[in-house]
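Undergrad: Here it is, the structure in full.
Just so it is clear, none of the values below were taken in a lab; they were calculated from the coordinates. All values reported here derive from a predicted model rather than from experimental measurement. Heads up, the Cβs are rebuilt from the backbone with ideal geometry, glycines too, and the neighbour counts pull from every protein chain shown.
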Amino acid sequence: MNKLFRTIFKFGPALLLLIASAAAAMGQSAKLQLDQLDVLANRASDTVDVKLDEHLMQTTAKFFSGKDSDDAEIRDLIKNVKGIYVKSFSFEKENEYSAAEIESVMSQLRGGGWSKIIGITSKKDGDNVEVYLLNIGDQISGLAVVSAEPKEFTIVNVVGPIDLEKLSKLEGSFGVPYLNLPPAKPKTDKEVK
Amino acid sequence: MKKVLVTLGLFVSLAMALPSPVRADRDGFSDAVKTIEQFYHVKHQNIPLLARAGVKAVKTAAKIRGGEYRKLAEAGSVRVAFFEDQKFDSHGQIASFKSAMQTTLAADWSALVQTLAPKTEEQTYVYIRDAGKDFHVLIITIEKTEGTVVQATVAPQILAELLKSPDEMGKALTDEATTSDP
């Protein structure tokens, strides 16, 4: 038994490292790590954090009746969605959060197969909205909307396939704020890659 | 023999350390109340003052997102703890309270909605867990001088309705639990 423990202690760290590396190599996770943003909560005047995981979405999706047309549309939209995650921070004054503080999230969107499909910058208001997609093969497997305004930072992360054309149907529901996004463009080969 | 005992002890310690769902069912309601009391140094009352004042005969139902009024919680499933006339001040560390509550409930409950407003100390936390065919919903509401912890069992149909507007969910259920006779 002692020998077994010695072997585990000897090779355990290397084994853990190997497992972690394999997981990172598989990468391409549509679920973003957003908990690092929680440090903003102490400074924000309002914070909203919504987490709808796959189990909850799939358990309740079937209860959106087909009788109501809105419900039927929502049911179709979310039937394959594996999660909706929203974090929103509002501040009393401008520039109360820094680019460095949101970098942990933005860096995830710059790699791991994410591609920016929409970027809107308003020099006048300082608003900046970006929409990112994660495509695996021909299918959208994740979406992220980042809205960075001088007094507000919001990120919406939808995990799983979602119809971009119908994304606006989620606005105001499931904790997704009104994003006023332009209509989705048809997918091009470049965007799919 | 000694080695065997040491090994057994090690395994038991490891098993205890794991945040496993197979451990005995925890009481999220009491744990949440205790976490509030420890962090804010406040004391709760179990019996609703409104009920004591004789309002309990009034039957109300919550209104979900501009729709019709309906009963949300399953009959007899509601537990309520009140914190009244107390001082809730996190001294600028509201995020620490959030993470303390998360640590308390994470093993059995999923955080659904958390809203914080440090200036007014206003906070709402909605946690969910499976309860057979239904769901248990735990709602923690805190303001500057009062707080409420509500646990209720909710049917999946009702939960689906509430999920359309999760930020209003906590208020709808808390309103029902604190103004009706559950």
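Undergrad: If you count, for every residue in A:39-46, the Cβ atoms of partner chains within 10 Å of its Cβ, what is the mean?
TA: 6
Undergrad: Something else about it: Could you work out the relative contact order of region A:28-170, using alpha carbon pairs under 8 angstrom and six or more residues apart, expressed as a whole percent?
TA: 28
Undergrad: How far is it, in nm, from the label point at residue B:130 to the one at residue B:100 when both lie 7 Å from their Cα along the line to the Cβ?
TA: About 3.2 nm, to one decimal.
Undergrad: How do A:121-127, A:89-95 rank on mean C-beta neighbours within 10 Å, highest first?
TA: Answer by packing, highest mean first, reads A:89-95, A:121-127.
Undergrad: How much net charge surrounds residue A:144 when only the other residues with a Cβ under 13 Å from the Cβ of residue A:144 are counted, with Lys and Arg +1 and Asp and Glu -1?
TA: Computed value for this residue: +3.
Undergrad: Shifting gears a bit: Roughly how far apart, in whole Å, are the Cα centres of region A:80-146 and region B:127-182?
TA: 30
Undergrad: Using 22 Å as the Cα-Cα cut-off, could you pick out the over-long pairs in B:43/B:87; A:62/B:164; B:144/B:164; A:151/B:164; A:79/B:164; A:151/B:87?
TA: In this structure, B:144/B:164; A:151/B:164; A:151/B:87 lie more than 22 Å apart at Cα.
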